[in-house]
Amino acid sequence: MSSKNRTKFKNDYEIRKIDTAFKNAFRDKIWGEQNRRCYYCRGTLARNEATIEHLVPRCANGGDSTGNVKVACKTCNYAKGSMTEVKFWKILKSQRPPEGVNLIRAWISYRIERRLQKALERISRFVGLDG
């Protein structure tokens, strides 16, 4: 291997390393802004479970701008796939379960988190913590 090729490989490696660090910092910033919760099902997310979610998919010319990027759990992100945000919300909020394992898992997660949040609100009001 020539020294020229070794230098190129080293530079490519350094670029990938910087790119990964930037993506991690970007994901962590959004994760914090969303109070460490999935954008769709609102489930609590550990840092290593958070995935970058494009509201308008990249395959539909959605970019990496902060307005188009949220953090989602792996279940919701995989279930949404290349759907638009609007279509995915419609499926999550539908009364009938969707078809497909990943969509069903996201649909259930959304419903569980929503019911849990409502129960916590009722308990808070009951014990006088609603402010």
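Scan the range 85-103 for residues that are more than 26 Å from G63 (Cα to Cα), touching a helix residue (DSSP H, G or I) at 6+ places or on another chain (Cβ under 8 Å) and among the hydrophobic types (A, V, I, L, M, F, W, C) and jot them down. None - no residue of the range 85-103 is more than 26 Å from G63 (Cα to Cα), touching a helix residue (DSSP H, G or I) at 6+ places or on another chain (Cβ under 8 Å) and among the hydrophobic types (A, V, I, L, M, F, W, C), so the list stays empty.
For the range 37-61, the candidate set comprises residues that are free of Cβ contacts under 8 Å to residues at least 12 places away in the same chain and among the basic types (K, R); within that set, the residue that is farthest from Q117 (Cα to Cα) is R58. Before we move on, is A106 touching a helix residue (DSSP H, G or I) at 6+ places or on another chain (Cβ under 7 Å) and of a type in the set (A, V, I, L, M)? Taking the combined requirement at face value, the residue satisfies it.
Note on the range 115-131: residues that are more than 22 Å from L92 (Cα to Cα) and either assigned to a helix (DSSP H, G or I) or at pLDDT 85 or above (or both) amount to 6. Scanning the range 87-112 for residues that are among the aliphatic types (A, V, I, L, M) and surrounded by fewer than 19 Cβ atoms within 10 Å (Cβ to Cβ) gives V101, I104, I108, I112. Just one of (1) outside any helix (DSSP H, G or I); (2) within 18 Å of C38 (Cβ to Cβ) fails for E99. It is (2).
Entry remark, the range 1-36: residues being modelled with pLDDT under 85, among the basic types (K, R) and under 30 Å from E113 (Cβ atoms) number 2 in total. Do you know which residues across the range 37-71 are closer than 28 Å to L120 by Cβ, touching a His at 6+ places or on another chain (Cβ under 9 Å) and either assigned to a loop (DSSP other than H, G, I, E, B) or at pLDDT below 85 (or both)? Listed by number, the list is empty, since nothing qualifies. When the range 72-114 is limited to residues that are out of contact with any Gly (no Cβ under 7 Å at 6 or more places or on another chain) and small (G, A, S), the one that is modelled with the highest pLDDT turns out to be A72.
The values are calculated or read from the model by the stated rules, or taken from the named source; none is laboratory data. Remember, predicted model here, so these are calculated numbers, not experimental data. All Cβ positions, glycine included, derive from the backbone under ideal geometry; neighbour counts span all protein chains shown.
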